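Please read the structure below before turning to the comments.
All of the numbers you see were taken from the coordinates with simple rules; none came from a lab. The structure presented is a predicted model; accordingly, all values stated were derived computationally and were not measured. Here the Cβ positions follow ideal geometry from the backbone for every residue, glycine too, while neighbour counts run over all protein chains shown.
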Amino acid sequence: METLFHLAASMYTVYRDDLAVGMLACTFLLMIAALFAVRRCRRQIRELTEKTREVTKAVLSQGGRTKAGEAAGRPSAAETAGGGRPAAQYRDEELFGNVIREIFP
């Protein structure tokens, strides 16, 4: 066992500088890999934000058309007062559903 410790100590004294350079090189390579990963994630976030904006604009531009759809398929004010959900909540759910469907086809 002492011979192994002696071998390790002698290897350390002989290759100390090489070990330090190797650790620095590994650190440098890991930093580069992390930068590439962050770059890819930022690009994906930017694309997702652009898609969300486009979908939100499309949904908001269809606001006039959804008013007619609400009158046909949604409960009236009297029904919502009797325990149903308000029409504003239906619009929010519809907008959220459309955004999610566009982002994750």
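Just a few scattered comments:
- Local electrostatic count, residue 35, Cβ distance below 14 Å [Lys/Arg +1, Asp/Glu -1]: +4
- Rounded to whole Hz, the Karplus (6.51, -1.76, 1.60) HN-Hα couplings of region 22-32, x for glycine and proline: x, 5, 5, 5, 4, 4, 4, 5, 5, 5, 5
- Around residue 57: net Lys/Arg minus Asp/Glu count, Cβ-Cβ under 13 Å: -1
- Extension gain for the segment residue 15 to residue 38, taken as residue separation times 0.36 nm less the Cα-Cα distance, is 4.8 nm to one decimal.
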